[in-house]
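Undergrad: Sharing a structure here in structure tokens format.
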Amino acid sequence: MRRPVIAGNWKLFKTIAEAVSMVNELKPLVAKCQDVEIVVAPVFTALSRVADALAGSNVKLSAQDCYWEEEGAFTGEVAPKLLKDAGCGYVIVGHSERRQYFGETDQTVNKKAKAAIAAGLNAIVCVGESLAERESDKTFSVIETQIQGGLSGFSADAFDQIVIAYEPVWAIGTGKTASDAQAQEVHAFIRQLIARLFNQSIADAVRILYGGSVKPDNVKGLMAQPDIDGALVGGASLKADSFAAIAAFNAL
Ligand code: PEP
């Protein structure tokens, strides 16, 4: 059984005070969701204070990005071990906004995911096709290239710390969700690809999240798909009640 993950990516939103207040509101709302792994990803500056606020709760902490070096003359970067130090258990790597606006490539995603795992973090590795790629029937080849490049050189053991997020770029922040069937088709493809590149037992165990305008009213249909093991949620994760409703998808 793959334990579902519901992760909230807060992007560039919320001050420290707003982030702390949000998790204080969230904690009691999700306290009973024990069969789901719940994760929030605030901005770097709020991580440590949110970690304190989450202590003793069932909500885990993620960063939104990391660098691949442990330390050195890399102005502005944050190393995985510092994220761990700030209380993170997770880090998102290769989000489409990082790929689109900050030059992230499959090679940098690979280095970041490796460094995150070496530091003891779980890496949420994001992949997804653009609208133009989908419309020109390139979805599967794009996903294959991203998975092959992003996860190249990983050992079987590393997969205990890898979560994959399939996020079609055309569905992120647009209000357009992939249909349950469209999402399932790509998730099944990713699982088969992992079986081909690594092995069947890794493929059976790895959790593959869907991301792209997930809301309380569409999460249940998505989560009912056999290869969808959770959600990476942007907009709807910014409010405690909507994020809690998504985390409680089983009860909806
Ligand atoms: C995301 O930020 O990863 C995301 C999926 O955003 P949204 O839910 O707003 O589409």
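The values are calculated or read from the model by the stated rules, or taken from the named source; none is laboratory data. Fair warning: this is a prediction, and the values are worked out from it, not measured in the lab. For neighbour counting, all protein chains shown are included, and Cβ atoms are generated from backbone atoms with ideal geometry for every residue, glycine included. Ligands, DNA and RNA are stripped out before the accessible areas are found, and what is left, the full protein with its side chains, is counted by its heavy atoms. Shrake-Rupley method; radii C 1.70, N 1.55, O 1.52, S 1.80 Å.
Undergrad: Charges on Cβ only, +1 for Lys and Arg, -1 for Asp and Glu, centred on the Cα centroid of the chain; of Ile38, Thr139, Ile208, which one is farthest towards the dipole's positive end?
TA: In the chain, that residue is Ile38.
Undergrad: With +1 on the Cβ of every Lys and Arg and -1 on the Cβ of every Asp and Glu, and nothing else charged, how large is the dipole of the chain about its Cα centre, in debye rounded to the nearest 20? Each step should come with its number before you reach the end.
TA: Details: 24 positive and 29 negative charges, 78 e Å.
Here the size comes out at about 380 debye.
Undergrad: Let me ask another. Describe numerically, in nm with one decimal, the distance between label points set 7 Å from Cα along Cα→Cβ at Gln225 and at Gln200.
TA: 2.4
Undergrad: Which of the peptides 237-250, 73-86 is most tightly packed, and how do the rest follow, going by the mean number of other Cβ atoms within 10 Å of each residue? Please report the intermediate quantities before stating the final value.
TA: Working: 237-250: 20.4, 73-86: 15.3.
Per-residue Cβ counts within 10 Å, averaged per peptide and sorted highest first, yield 237-250, 73-86.
Undergrad: Would you calculate the separation in nanometres between label points at Gln182 and Ser57, each defined as 7 Å from the Cα along the Cα-to-beta-carbon direction?
TA: My value for the distance between the label points is 3.3 nm.
Undergrad: Starting from the Cα of Ser155, step 7 Å along the direction of its Cβ; do the same at Asp35; then give the gap between the two resulting points in nm.
TA: My value for the distance between the label points is 3.4 nm.
Undergrad: Past the 26 Å Cα-Cα mark, which pairs from Lys32/Lys81; Lys60/Lys114; Lys14/Lys138; Lys60/Lys111? Mind dumping the intermediate values first?
TA: Working: Lys32/Lys81 31 Å; Lys60/Lys114 20 Å; Lys14/Lys138 36 Å; Lys60/Lys111 23 Å.
Distance filter (> 26 Å) returns Lys32/Lys81; Lys14/Lys138.
Undergrad: Suppose the chain between Phe102 and Thr145 were pulled fully straight at 0.36 nm per residue; how much longer would it get relative to their current alpha carbon spacing?
TA: Values: separation 43, 0.36 × 43 = 15.48 nm, distance 1.91 nm.
Using 0.36 nm per residue and subtracting the Cα-Cα distance, I get 13.6 nm.
Undergrad: What number, rounded to the nearest 500 deg cm²/dmol, is the helix-based mean residue ellipticity at 222 nm of the chain, given -39500 (n - 2.57) per DSSP H run of at least four residues and division by all its residues? Numbers along the way, then the final one.
TA: Values: 11 runs with 102 residues, N = 252.
About -11500 deg cm²/dmol.
Undergrad: Ratio of Rg to Rh for the range 121-226, alpha carbon only, Kirkwood?
TA: Numbers: Rg = 13.5 Å, Rh = 14.1 Å.
Checking Rg against Rh, the ratio lands at 0.96.
Undergrad: Output the Cα-based Rg and Dmax of the range 41-157 in Å, rounding Rg to one decimal and Dmax to a whole number.
TA: Computed over the Cα atoms of the range 41-157, radius of gyration and Dmax are 15.2, 48 Å.
Undergrad: Quick check of the Kirkwood formula: for the chain, what is the inverse mean of 1/r over all pairs of different Cα atoms, in Å? Walk me through the intermediate numbers first.
TA: Working: mean 1/r = 0.0558 Å⁻¹.
Taking the inverse mean of 1/r over all distinct Cα pairs, the chain comes out at 17.9 Å.
Undergrad: So which DSSP H runs in the chain come out at 15 Å plus along the axis (Cα) with average Kyte-Doolittle of at least 0.0? Can you show the working numbers first?
TA: On the way: long enough: 16-30 (21 Å, 0.89); 106-118 (18 Å, -0.54); 139-150 (16 Å, 0.21); 180-197 (25 Å, 0.06).
Helix filter hits for the chain: 16-30, 139-150, 180-197.
Undergrad: Antiparallel versus total DSSP beta bridges in the chain: what percent is that, nearest 5? Before the final figure, lay out the partial values.
TA: Working: 0 of 29 bridges.
If we restrict to bridges inside the chain, about 0 percent are antiparallel.
Undergrad: Please report how far the C-alpha centroid of the range 103-180 lies from that of the range 192-252, rounded to the nearest whole angstrom.
TA: So the separation of the two Cα centres works out to 14 Å.
Undergrad: Of all accessible surface on the chain at a 1.4 Å probe, what whole percent is carbon and sulfur?
TA: Details: 5790 of 10980 Å².
Of all accessible area on the chain, carbon and sulfur atoms account for 53 percent.
Undergrad: Determine, from the Cβ-Cβ distance of Thr15 and Thr75 and an R0 of 25 Å, the FRET efficiency 1/(1 + (r/R0)^6), rounded to the nearest 0.05. Working shown, then result.
TA: On the way: r = 24 Å, r/R0 = 0.95.
Here the calculated transfer efficiency is 0.60.
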